[in-house]
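The values are calculated or read from the model by the stated rules, or taken from the named source; none is laboratory data. Please read these numbers as outputs of a predicted model, since none were measured by experiment. Here Cβ is always computed from backbone atoms with ideal geometry, including for glycine, and neighbour counts include all displayed protein chains.
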Amino acid sequence: MLLFVEQLVNGCALGSLYALFAVGFGLVFATLGILNAAHGTYASWAAIAALAAVQHLGAPFPLAVAAGVVAGGLLALLVDQIAFQPLRGRGGPAKEGGMLGALITSIAFWIMLDSLAGFATGQQSLNFPADSYPARMLHLGALPLPSMQLVTIAAMLLATAGIHALVRHSRFGAAMRAVGWNGAAAALGGVNPRVVIVVTAFLAGATSGLAGVLGGISTQNVSFTLGEGLMLKGFAAVVVGGYDDVRGAAIAGVALGILEVMSAQYLSTSLRDGITYALLLGFLLLRPRGLFGRAAFLRA
Amino acid sequence: MRGDGDTPALLELDGVGKSFGGVAAVADLSFAVPTGSVMGLMGPNGAGKTTVINLITGLLGFDRGHIRFDGAEIGGAAAHRIAARGIARTYQNVRLFSGMTALEQVLAGGFLRRGTSLIASFLGTPASRAARARSLAEARHLLDRVRLAHRADVLAETLSYGEQRRIEIARALGAHPRLLLLDEPTAGMNAAESAAIGGLVHELRDAGLTVLMVEHNVRLVTDFCDHVAVMSFGRKLTEGTPAACLAHPEVQAAYFGRSGDAERIRALR
Amino acid sequence: MLADLWAAYQSSVGFAMVNVFFALSTYAVLSAGVLSFASVSYAAFGGFIGAQLVLNTGISPLLALPVSAVAGALLAYAVALLFLRLDGHWMALASLALVLMTRVVVLNAPTLTGGVNGLSLPVDLSLATLTVLLLLLMLVFHRLSGSWYGIAVRAVREDPAVAASLGMPARRLQTIAFVISGAVGGAGGMLLAAMLQFISPDTYFINIAFTMIAAVVLGGSYHWAGAVAGAFVFTALPVVMQAVLPQIQDVANGAALLAIMVFLPRGLIDPRAWRLRHAR
C-alpha cells in the first residue's frame, strides 16, 4: 500500500511535467492555430539557461527556475516573431487554417534549436549540482516525499490554475479565445491581436520552460533529449486532454504520468509506452476531441 | 401541394426554425416558391435571409419544420445530395476557388453533369474524353452567357467584383439546376450592372429556371420578382406581389424609415 | 571526376526518389485539404509486410511492392473511416499520434517486425528500376490532377462548403485521397526497406513524418510536381550542407528551410503564381 502511494506521488510528479508541456502546447494550438514542433526545444533551452544561472551566477533555486522560465518565454517569443509572424495574414485554404506554413517554420526552428542545444551542452547530458535545488526528503508518516516532487506538482497546479483563470475568467482571456476563433473578427471587436499573440507565445514558452527546468533537475538530464522526451509524452496529453481547455491537458498529463509509473511498477517496463499509446488510441477512437472537447460544427 | 395561385410549388418551407445557442435566427418560417417564378426574399440586415439559403442548401441543419423540394423532403440531407437534386446557389460574399481560372470555376460547377465516372476520367477512356469535351464546351457556353467568354483563361480572383459575381452565377448554372438561389447578386454593383443581372435572371426564368433571390435593391425586386417574402428577425413579415409588400407599413418603416434606427426596427416585432 | 561524383551521390539520388513516394503520399491527402502525418504509418505497414514477404517466400521485392501498396491502402482506408470525421486541426493531431503509436506497435510485434533488432533485407534495387517506378507514379499523379477527381479535390480543399453545394461529396473524395496516399506510402515503405536493406522501429518515425510534410510544402503543395521537387531539394539540402558547412549542417538546414518558407510561402512550384504572371 505504501509503495502504491509512493508510486502515485512519483506518477503525479512525472505527469506534472507532461501536463506543463501540454498546457503550453495546447494554448498555442488553440489560440494561435499553430502546431508547434519546436515547443519541446523551449524546455531544453530553459533547463540549459537555468543551469547556466546556477553555474555561472550562483543563482539560488527560485532564481534559477525564474531564469529558465523567462528564457523559455523569450525564446518562444523570438521563434514566434521570426518563424510565425511573417506568415500571418497570408491566408491559405480555410481548412488548413494557415497551419501549414507555421508547421514548417516550426520544424525549421526545431532542427536548429535542437542542434544548437547539442552544441551548448557539448553533446552530452549535464546535471544540476546536488546543492542547487531542494533535495530534502520530507516524511508524511511512513511515506517519504521528495521535496522536489512536491515543488513540481505545486508548480504545475499553480501554472495551470493561473492560465485557466486567465483564459476563462479575464477580459484578456476572452480576447485570446476571440483570436483563436477568428483573428479578423477579434480585431474588429477592439482586441489587439498582436498583444494576444505575444502574451500567448510567451506564456506557452514559459510553461514549457518550467517543465524543462523541473524535468532537467528531477531526471538529471539537461540536454536536447529532455525536450524531445517531454514532447512525445506531452503531445499524448494534448490529444487525450483536448487542446481547448487547459484543465483537460493538465489532468491528462498527470494521468499519463501515473499510468506510466504504475504500469512500469506493476506490469512491465517494456509495456510502459505501449500502454500510454494504447490509451491514446482509445481516446482517439472513443473521445476524439479530448476530455473537455466540444463538437466542432461546420462553418457555413 | 400548391404554392401561390395554381402554380405548383418547386420549393416549400413549412414552419422552419433554427437557433444558434438559444438565439432564434429563423423562426416558424413558411413560404413557397412557385415553379418557374422569380421570388424575392427581402428584409433588413440580420433578418436571417442568408441563413434561410444555408438551410435550404443543407449547409446548416435546422431544428424544426420541413423543407420540401419538388414535393420531397430534403431537410437533414447532406449538402452535396441536395445539390444533386437540382438546387444551386451563389454567395453573399463571392466564394470562388482560389487559383482557378474563370473557365475552371465554371467547369467545376459542371461536376454533377460530368457524364463519366471518376475512374474513367482518370483512365482517360474515349467516352470520358468525349464527355470532358462536352463539359468544356458547356462551360464556355455558360461563360459566354454571362458575357465573360473573353476572360475564360484569366485567374478568377484577378477579375472585378462584378465579373466574379457573374462567374459565380455561371458556376451555379453548370449543374443545370432547377432552382437557383442568389444571395444578394447585385451587392456592390452599379445600376447598369444590376440591371444586367436582372435581365439575366429573366432570361433564366424564361428558359424554365426557378429563382429565389435575396435582394436589397428595391428597384430590382419590383422590376424582376414575381413574388416577394419579407423577413424580419427571423420571421416572415409579409408575402405577396412586390408592390403589395413594399406598401406594407412595417416594410415601409424597415426600408424607408431612419436607417440604423434599432429601436424602431425592434418595434416591428 | 564526374564518375566519382556520381559514385558519391548515387545513393542520395536513390533516397531522393524514395522520398518522392513519401512526399506524394502526403501530397495526396493535402491536395484534398487534409493535413495528415499518417503516411509514415502506411510506410511502416507496407515496409514490414513487404519485407516479410520477400524474406519468407524469396520473391523479388518488385513483386512484393503491390502487396505493400495494398496493405498501405487498407490501413489508410481504416484511418480515413476513423479520423475523417474530425476537423482539420484534430485530424493533424490524431495522425501525429498514430505515428507515435506505430513505433510502439512495431516494437511490440517482433514476429512481424523483428522488434528492436529490426529486419535485414538483403535485396538489390537498381536505380534504373526505381526511376521507372517513379516515372509511373508521376504519370499517375499527372492523370489524377487533370481528371474530375483532381478538379473536385481542388475545390474541396479550397472551400469544402462551396464544393458540397456543387454536388461534390467531400468525405468520399477525401477517403479516395487517403486510399491513394496509403497505396503510395505503403509502396514507398517497401522501397525504403529495399534501399536501406535494413528496417527497424526507428526507420519509420516522427522525423520522416516531418521530413515528408516539409518536402511537400517546400516544393509547393498546390501541384504534384511540387512534392517531387520538394523531395529532391529536401534530400539534397543536408548533403550539400554537409559538404559546405559540415560543422553546423543542421543549423544551416533549418535556416534554409525557414528562409524558403518565409520568402516562398506557397513553395517552389506554385501554379497560381505562374498564372498571375501569365495574366499580366
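If the Cβ limit is 6 Å and pairs must be 6+ apart or interchain, which residue in the range B:93-116 that is at positive phi pairs with which residue that is part of a helix (DSSP H, G or I)?
Close Cβ pairs satisfying both conditions: B:GLY99/C:ARG272; B:GLY115/B:ALA131.
Does B:ALA195 count as small (Gly, Ala, Ser) and in a helix (DSSP H, G or I)?
Spelling it out, B:ALA195 is indeed small (Gly, Ala, Ser) and in a helix (DSSP H, G or I).
Yes/no matrix, rows are residues, columns are (1) more than 8 Å from every other protein chain (Cβ to nearest Cβ); (2) of a type in the set (A, V, I, L, M, F, W, C):
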site	(1), (2)
C:TRP90	no, yes
C:ASN108	no, no
C:PRO122	yes, no
C:LEU137	yes, yes
C:ALA152	no, yes
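Please verify whether the range A:134-157 includes one or more residues that are of a type in the set (A, V, I, L, M, F, W, C), more than 20 Å from A:GLN7 (Cβ to Cβ) and at pLDDT 85 or above.
Yes, the range A:134-157 contains a residue that is of a type in the set (A, V, I, L, M, F, W, C), more than 20 Å from A:GLN7 (Cβ to Cβ) and at pLDDT 85 or above.
Restricting to the range A:158-180, and then to whatever is crowded, with 16+ Cβ neighbours inside 10 Å and either touching an Asp or Glu at 6+ places or on another chain (Cβ under 6 Å) or of a type in the set (Gly, Ala, Ser) (or both), can you tell me which residue is modelled with the highest pLDDT?
The extreme case among them is A:ALA159.
Let me confirm something: among C:SER60, C:SER95, which residue is among the polar types (S, T, N, Q) and more than 12 Å from chain A (Cβ to nearest Cβ)?
C:SER60 is the lone residue from the list that is among the polar types (S, T, N, Q) and more than 12 Å from chain A (Cβ to nearest Cβ).
For the range C:205-215, does any single residue satisfy the condition of being more than 9 Å from chain A (Cβ to nearest Cβ), closer than 30 Å to C:LEU119 by Cα, out of contact with any helix residue (DSSP H, G or I) (no Cβ under 6 Å at 6 or more places or on another chain) and without any contact (Cβ under 8 Å) to a residue 24 or more places away in the chain?
Checked the range C:205-215: at least one residue is more than 9 Å from chain A (Cβ to nearest Cβ), closer than 30 Å to C:LEU119 by Cα, out of contact with any helix residue (DSSP H, G or I) (no Cβ under 6 Å at 6 or more places or on another chain) and without any contact (Cβ under 8 Å) to a residue 24 or more places away in the chain.
Could you check, for the range C:245-261, whether at least one of its residues is more than 10 Å from chain A (Cβ to nearest Cβ), surrounded by fewer than 17 Cβ atoms within 10 Å (Cβ to Cβ) and either of a type outside the set (Val, Ile, Thr) or free of Cβ contacts under 8 Å to residues at least 12 places away in the same chain (or both)?
Checked against the condition, which is being more than 10 Å from chain A (Cβ to nearest Cβ), surrounded by fewer than 17 Cβ atoms within 10 Å (Cβ to Cβ) and either of a type outside the set (Val, Ile, Thr) or free of Cβ contacts under 8 Å to residues at least 12 places away in the same chain (or both), the range C:245-261 yields at least one hit.
If you check every pair at least six apart or on different chains, which have Cβ atoms under 8 Å apart with a residue in the range A:233-248 that is assigned to a helix (DSSP H, G or I) first and a residue that is of a type in the set (S, T, N, Q) second?
Short answer, once both residue conditions are applied: A:LYS233/A:THR276; A:ALA236/A:THR276; A:VAL246/A:THR160; A:ARG247/A:THR160.
Of the residues C:LEU107, C:LEU133, C:LEU75, C:LEU53, only one is among the hydrophobic types (A, V, I, L, M, F, W, C), surrounded by fewer than 22 Cβ atoms within 10 Å (Cβ to Cβ) and within 17 Å of the chain's Cα centre (by Cα); which?
C:LEU133
Go through the range B:203-237 residue by residue and tally those that are surrounded by fewer than 19 Cβ atoms within 10 Å (Cβ to Cβ) and either among the basic types (Lys, Arg) or modelled with pLDDT under 90 (or both).
8
Restricted to the range A:1-45, and to residues that are more than 10 Å from the chain's Cα centre (by Cα) and of a type in the set (Ser, Thr, Tyr), which residue is farthest from A:MET148 (Cα to Cα)?
A:THR31
Give the residues of the range C:157-172 that are more than 7 Å from chain B (Cβ to nearest Cβ), of a type outside the set (Gly, Ala, Ser) and touching a helix residue (DSSP H, G or I) at 6+ places or on another chain (Cβ under 6 Å), sorted by residue number.
The answer is C:PRO160, and nothing else.
Could you check the range B:1-87 for strands (runs of 3 or more DSSP E) lying wholly inside it with 2 or more residues that are surrounded by fewer than 20 Cβ atoms within 10 Å (Cβ to Cβ) and either under 15 Å from the mean Cα position of the chain (by Cα) or in contact (Cβ under 8 Å) with a residue 40 or more places away in the chain (or both)?
Passing ranges, in order: B:9-20, B:23-34, B:64-69.
Being facing chain C (nearest Cβ under 9 Å) and within 19 Å of C:ALA92 (Cβ to Cβ) is the filter; apply it to the range A:76-89 and report the residue that is modelled with the highest pLDDT. Even if it seems obvious, please write down each step before you answer.
Of the residues in the range A:76-89, the ones facing chain C (nearest Cβ under 9 Å) are A:82-83, A:86-87.
Keeping just the survivors that are within 19 Å of C:ALA92 (Cβ to Cβ) gives A:83, A:87.
On the way: A:ALA83: 90, A:LEU87: 82.
Per the criteria, the residue is A:ALA83.
A quick yes/no check of all residues on (1) crowded, with 24+ Cβ neighbours inside 10 Å; (2) in contact with a strand residue (DSSP E or B) (Cβ under 6 Å, 6 or more places away or on another chain):
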residue	(1), (2)
C:ALA161	no, no
C:LEU166	yes, no
C:PRO169	no, no
C:VAL179	no, no
C:GLY182	yes, no
C:GLY186	yes, no
C:LEU191	yes, no
C:MET195	no, no
C:PHE198	no, yes
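When the residues of the range C:29-50 are filtered to those that are under 14 Å from C:GLY189 (Cα atoms) and of a type in the set (S, T, N, Q), which remaining residue is surrounded by the fewest Cβ atoms within 10 Å (Cβ to Cβ)?
C:SER41
Tell me which residues, restricted to the range B:98-133, are facing chain C (nearest Cβ under 7 Å), part of a loop (DSSP other than H, G, I, E, B) and either of a type in the set (Asp, Glu) or over 24 Å from C:LEU139 (Cβ atoms) (or both).
B:SER98, the sole residue that qualifies.
Select, from A:GLY33, A:GLY58, the only residue that is within 14 Å of chain C (Cβ to nearest Cβ) and surrounded by fewer than 24 Cβ atoms within 10 Å (Cβ to Cβ).
Matching residue, one of A:GLY33, A:GLY58: A:GLY33.
Kindly indicate whether any position in the range B:134-150 is surrounded by fewer than 18 Cβ atoms within 10 Å (Cβ to Cβ) and facing chain C (nearest Cβ under 9 Å).
no
If I ask for residues that are farther than 14 Å from B:HIS216 by Cβ and either of a type in the set (A, V, I, L, M) or modelled with pLDDT of 90 or more (or both), which ones from the range B:181-190 would you list? Give the derivation first.
To start, the set of residues in the range B:181-190 that are farther than 14 Å from B:HIS216 by Cβ comprises B:181, B:190.
Result: B:LEU181, single match.
For the range A:197-232, enumerate the residues that are free of Cβ contacts under 8 Å to residues at least 40 places away in the same chain and acidic (Asp, Glu).
none
Scan (1) in a helix (DSSP H, G or I); (2) within 8 Å of another protein chain (Cβ to nearest Cβ) for the single condition C:ARG85 breaks and write down its number.
(1)
State the number of residues belonging to the range C:184-207 that are part of a helix (DSSP H, G or I) and modelled with pLDDT of 85 or more.
13
Only one residue in A:LEU256, A:LEU284 is at pLDDT 85 or above, within 14 Å of chain C (Cβ to nearest Cβ) and crowded, with 19+ Cβ neighbours inside 10 Å, so which one is that? Write out each step before concluding.
Details: A:LEU284 fails: at pLDDT 85 or above.
The conditions single out A:LEU256.
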